[in-house]
Amino acid sequence: MWLSLARNQLTVLPPEIVSLDELRELNMSDNLLTLLPNEISHLKKLKKLYLQKNKLPRLNHNIEGCVALLVLDVSVNERVSFPYEIKYLSQNELYCEANPLLQELPVSSEQEDEEAAARIVLKSLKDRTSRSRVLLKFHPELRKSLAATRKGAVCRESFLNTWLECVQFVSSRKVLGVKNNAGVIPLRVLLCSYRCFNVGTHNYYGVALP
Ligand SMILES: [Zn+2]
């Protein structure tokens, strides 16, 4: 089963699509998508995903759920960065031509607000006897947001929102094992802090926001 909604003016992926669990090929090229829904991961049989000529600034990590993906095209979008999880997919072909992120030198980054509080909670949750654990039982919405916890690429400490979004330029052939020549691609990695960014033993670059 395949579906093409190419060359429309779509700004979002119609939500019904993610329930098409027999979908093998989805062509969303030449639209105005700025984001993929997290539920993209429901498409377990999807083999080909065409997203070229959209407005995507990033590919979310839920793409990891598309376990059958073989061909992914994100050419001609915004400054697309790829989630680290893309390493776990076995795609054969990857296309990301005309990615502005590869033409500039990324420099600095952004920090988010409620982060400090979130980290205190995350830290205290490691303690089995902590009050936060008890509180969490009564706050499913909080539990849900904490489930989105990520780990810093340098220190492996937990945090909730992106503190420092960096990219690591990797060879698509060597690291992702794709068969076509997609060259170097920017893999997104998250660092918890400038402290980790400044340790200097990594090859992560901060991304300047446009
Ligand atoms: Zn860190």
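The values are calculated or read from the model by the stated rules, or taken from the named source; none is laboratory data. Model, not experiment: these values are computed from the prediction. Virtual Cβ from ideal backbone geometry, glycine too; neighbours counted across all protein chains shown. Quick note on the areas: whole protein, heavy atoms, side chains included, nothing else; ligands and nucleic acids left out. Shrake-Rupley method; radii C 1.70, N 1.55, O 1.52, S 1.80 Å.
If the condition is being more than 18 Å from Tyr95 (Cα to Cα) and in a loop (DSSP other than H, G, I, E, B), then the range 36-45 contributes Pro37, Leu43, Lys44, Lys45. Of a type outside the set (A, V, I, L, M), within 16 Å of the ligand (Cβ to nearest atom) and modelled with pLDDT of 75 or more: does that describe Phe159? It is true that Phe159 is of a type outside the set (A, V, I, L, M), within 16 Å of the ligand (Cβ to nearest atom) and modelled with pLDDT of 75 or more. Among the residues of the range 71-123, those that are open to solvent by 20 Å² or more (accessible area, probe 1.4 Å), at pLDDT 65 or above and part of a loop (DSSP other than H, G, I, E, B) comprise Val76, Glu78, Arg79, Ser90, Asn92, Glu97, Ala98. Residues that are within 19 Å of the chain's Cα centre (by Cα) and either near the ligand (Cβ under 9 Å from one of its atoms) or open to solvent by 10 Å² or more (accessible area, probe 1.4 Å) (or both) within the range 194-206 comprise Asn203, Tyr204, Tyr205, listed in sequence order. Contact annotation: residue pairs with Cβ atoms under 7 Å, 6 or more positions apart or on different chains, pairing a residue in the range 46-64 that is at positive phi with a partner that is hydrophobic (A, V, I, L, M, F, W, C), are Lys53/Val76. Apart from one condition, Val12 fits all of (1) open to solvent by less than 10 Å² (accessible area, probe 1.4 Å); (2) in a loop (DSSP other than H, G, I, E, B); the exception is (1).
Exactly one residue out of Arg24, Arg79, Arg58, Arg7 is touching a helix residue (DSSP H, G or I) at 6+ places or on another chain (Cβ under 7 Å) and basic (Lys, Arg): that is Arg79. Scan the range 167-188 for residues that are within 20 Å of Arg58 (Cβ to Cβ) and either out of contact with any Gly (no Cβ under 9 Å at 6 or more places or on another chain) or in a helix (DSSP H, G or I) (or both) and the total you get is 14.
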